[in-house]
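Take a look at the structure below.
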Amino acid sequence: CLGAGTGLGECFLTPSHTDDDNNQGYDCYPSEGGHAEFVPRTPLELELRESLKLKFEEPYRVSVERVVSGIGLANVYEFLAEKFPEEVDGNVQVEFK
């Protein structure tokens with residue numbers, strides 16, 4: 001389970017006991033999964049990671065919630081706006097700042 005908000009909430013589910021109607025249920029357990037490392041898969045994502053390492057003065061790693069959360073989406077937008085300025089919508093940029 002994922003929940004992107006101010007951070008990145010994650011949980012995991014395990015099967016629970018069946019109820020009186022023999023329906024399978026699940027127990028939900030929270031985790032600190034948002035602190036997992038962001039693992040880029042494309043050259044552009046590699047550039048994003050390097051940009052975030054500089055921005056946050058992190059020499060070795062970037063957590064996934066720096067990319068997938070409320071503030072993470074802003075980080076991605078800033079990176080893409082700098083990388084592709086010709087694609088930036090001026091109205092969005094004004095609102096963003």
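The values are calculated or read from the model by the stated rules, or taken from the named source; none is laboratory data. Quick caveat, the model's predicted, so the values are computed rather than measured. For neighbour counting, all protein chains shown are included, and Cβ atoms are generated from backbone atoms with ideal geometry for every residue, glycine included. What goes into the accessible areas is simple: the full protein's heavy atoms, side chains included, and nothing from ligands, DNA or RNA. Shrake-Rupley method; radii C 1.70, N 1.55, O 1.52, S 1.80 Å.
Suppose a student asked you for the relative contact order of the chain, using Cα pairs under 8 Å spaced at least 6 residues apart; what percent would you report?
Relative CO of the chain lands at 24 percent.
Which residue, Val67, Val39, Val76, tops the fluctuation ranking in a GNM of the chain built on C-alpha contacts under 10 Å?
Val39
Can you sort Asp27, Asp21 by solvent-accessible area, 1.4 Å probe, largest first?
On the way: Asp27 65, Asp21 120 Å².
Final ranking, largest accessible area leading: Asp21, Asp27.
With a 1.4 Å probe and every protein chain left in place, tell me how much accessible area Tyr29 has, in Å² to the nearest 10.
It works out to around 100 Å².
Looking at the chain, which longest stretch skips every one of the GluC sites (Glu not before Pro) that is in a DSSP loop with at most 14 other Cβ atoms within 10 Å, leaving the sites themselves out? Walk me through the numbers before you get to the answer.
Details: sites that count: Glu32, Glu57.
Longest run free of exposed loop sites: 58-97.
When the helices in the chain are scored as -39500 (n - 2.57) per DSSP H run of 4 or longer and the sum is shared across all residues, what 222 nm value do you end up with, to the nearest 500 deg cm²/dmol? Write out the running numbers ahead of the final one.
Values: 3 runs with 34 residues, N = 97.
So the calculated ellipticity at 222 nm is -10500 deg cm²/dmol.
At a 1.4 Å probe, what is the % contribution of carbon and sulfur to the accessible area of the chain? Each step should come with its number before you reach the end.
Values: 3950 of 7210 Å².
Reported share for carbon and sulfur atoms: 55 percent.
I'd like the orientation of helix 43-55 relative to the chain: the angle between its Cα long axis and the longest Cα principal axis, in ° from 0 to 90, rounded to 10.
Once rounded, one gets 80 degrees.
In degrees, nearest 10, range 0 to 90: what is the angle between the Cα axis of helix 70-83 and the longest Cα principal axis of the chain?
Orientation of helix 70-83: about 30 degrees from the principal axis.
Report the Cα-based extents of the range 46-97 along its three principal axes, largest first, to the nearest Å.
Between the extreme Cα coordinates on each principal axis of the range 46-97 lie 35, 20, 15 Å.
Shape call for the chain from the C-alpha gyration tensor, a ≥ b ≥ c root eigenvalues: rounded (a/c under 1.5), prolate (a/b greater than b/c) or oblate?
prolate
Please identify, among Leu52, Leu13, Leu80, the residue showing maximal mean-square fluctuation in a Gaussian network model of the chain using a 10 angstrom Cα cutoff.
The residue with the greatest mean-square fluctuation here is Leu13.
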